[in-house]
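The values are calculated or read from the model by the stated rules, or taken from the named source; none is laboratory data. Everything quoted here is computed from the prediction, not taken from an experiment. Every residue, glycine among them, receives a Cβ derived from its backbone with ideal geometry; neighbour counts consider all protein chains shown. Heavy atoms of the whole protein, side chains included, go into the accessibility calculation; ligands, DNA and RNA do not. Shrake-Rupley method; radii C 1.70, N 1.55, O 1.52, S 1.80 Å.
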Amino acid sequence: MTAQRRPLVAANWKMNGSLASNADWTAAFVARAASLHCDVVVCAPFPYLCTLGRSVAPAELGAQDLSERTAGAFTGDVAGEMLADVGCRWVIVGHSERRQLHGETDAVVAAKAARALQAGLRPIVCVGETLAEREAGRTQEVVRTQLAAVLGAIGEAALARGALAYEPVWAIGTGRNATPRQAQEVHAALRAQVVERDRASAAALRILYGGSVKPANAAELFSQPDIDGGLIGGASLSAADFLAICMAVGT
Ligand code: 13P
């Protein structure tokens, strides 16, 4: 990371938590959060967003998905405006678990990023290759195509109001993180792709790394010049581990 971009660390709780465990997490987090030198976002499951509200401050609240549509007859879907209404400022878009388990295409992801912005939410747009794609030498091509779809829909300045997250699918929940060098290589390529459109937006864009980030590997990952923070899954379920990761920023 560089001094010109304030680091951002986001928790993605995925489908985990309960009213009781969320309250414990929040109490433990808030007790030590004042000393953090980064922006923090907590992305919780839909049912808990309303209750969490401002209780996670100084962290901001985020959701893990939104509908690409506005309000209407779409059973089970959640509109961006609803998320903003209950206090969300951020929303994850295009997580690989949504792409893989719910068939979200690049076009759907791009439409969701656009909807997020229309609803006043800052999107955290996820890109990343599978193991087969990496082994076939297709990593750069895959993430380039994923990013191009979003840039085409919302433009680089709007993307920079949110964040981009590089999450290699093979590193998610596997305990096998990308090496700092592997991650930096992809982050640099993603930023270069934005430079092609606008240098200032590229310089402002925060690119997060996600995939088996832990207290033990966070500092080295975050020390890379184009890694501006992290999107944390499993380790974010422990407030202590998540705080330790946040504190690894700038060390
Ligand atoms: P893990 O940190 O559990 O590997 O998950 C990463 C992720 O998918 C965050 O969105």
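Numbers for the structure displayed
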| read-out | value |
| --- | --- |
| Among residues of the stretch 95-120, those that are farther than 20 Å from residue 71 by Cα and among the small types (Gly, Ala, Ser), counted | 2 |
| Any hit, the stretch 74-82, residues being away from the ligand (no atom under 16 Å from the Cβ) and touching a residue at least 40 places away in the same chain (Cβ under 8 Å) | yes |
| Qualifying helices (runs of 4 or more DSSP H) (wholly inside the stretch 91-149; at least 3 residues being more than 14 Å from the ligand (Cβ to nearest atom) and surrounded by fewer than 19 Cβ atoms within 10 Å (Cβ to Cβ)) | 106-118, 131-135 |
| Residues located in the stretch 240-251, provided they are buried (at least 20 other Cβ atoms within 10 Å of the Cβ) and either of a type outside the set (Val, Ile, Thr) or touching a His at 6+ places or on another chain (Cβ under 9 Å) (or both) | 242, 243, 246, 248, 249 |
| Selection from the stretch 126-144 of residues that are out of contact with any Leu (no Cβ under 6 Å at 6 or more places or on another chain) and hydrophobic (A, V, I, L, M, F, W, C) | 126, 131, 132, 136, 142, 143 |
| Of residues in the stretch 176-186 being modelled with pLDDT of 95 or more and within 18 Å of the chain's Cα centre (by Cα), the one farthest from the ligand (Cβ to nearest atom) | 184 |
| Matching residues in the stretch 214-251 - criterion: being within 16 Å of the ligand (Cβ to nearest atom), closer than 27 Å to residue 150 by Cα, part of a loop (DSSP other than H, G, I, E, B) and out of contact with any Gly (no Cβ under 7 Å at 6 or more places or on another chain) | 227, 228 |
| Residue among 77, 24 that is within 28 Å of residue 130 (Cα to Cα), more than 18 Å from the chain's Cα centre (by Cα) and not hydrophobic (A, V, I, L, M, F, W, C) | 77 |
| Every residue from the stretch 8-30 that is open to solvent by less than 40 Å² (accessible area, probe 1.4 Å) and away from the ligand (no atom under 16 Å from the Cβ) | 22, 26, 29 |
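Quick grid of which residues meet (1) in a loop (DSSP other than H, G, I, E, B); (2) touching a Ser or Thr at 6+ places or on another chain (Cβ under 8 Å); (3) near the ligand (Cβ under 9 Å from one of its atoms):
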{"position": "165", "(1), (2), (3)": "no, no, yes"}
{"position": "174", "(1), (2), (3)": "yes, yes, yes"}
{"position": "188", "(1), (2), (3)": "no, no, no"}
{"position": "192", "(1), (2), (3)": "no, no, no"}
{"position": "202", "(1), (2), (3)": "no, no, no"}
{"position": "212", "(1), (2), (3)": "yes, yes, yes"}
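One line per residue, one yes/no per condition, for (1) open to solvent by 30 Å² or more (accessible area, probe 1.4 Å); (2) within 18 Å of residue 43 (Cβ to Cβ); (3) modelled with pLDDT of 95 or more; (4) not acidic (Asp, Glu):
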residue: 191; (1), (2), (3), (4): no, no, yes, yes
residue: 199; (1), (2), (3), (4): yes, no, yes, yes
residue: 210; (1), (2), (3), (4): no, yes, yes, yes
residue: 224; (1), (2), (3), (4): yes, no, yes, yes
residue: 231; (1), (2), (3), (4): no, yes, yes, yes
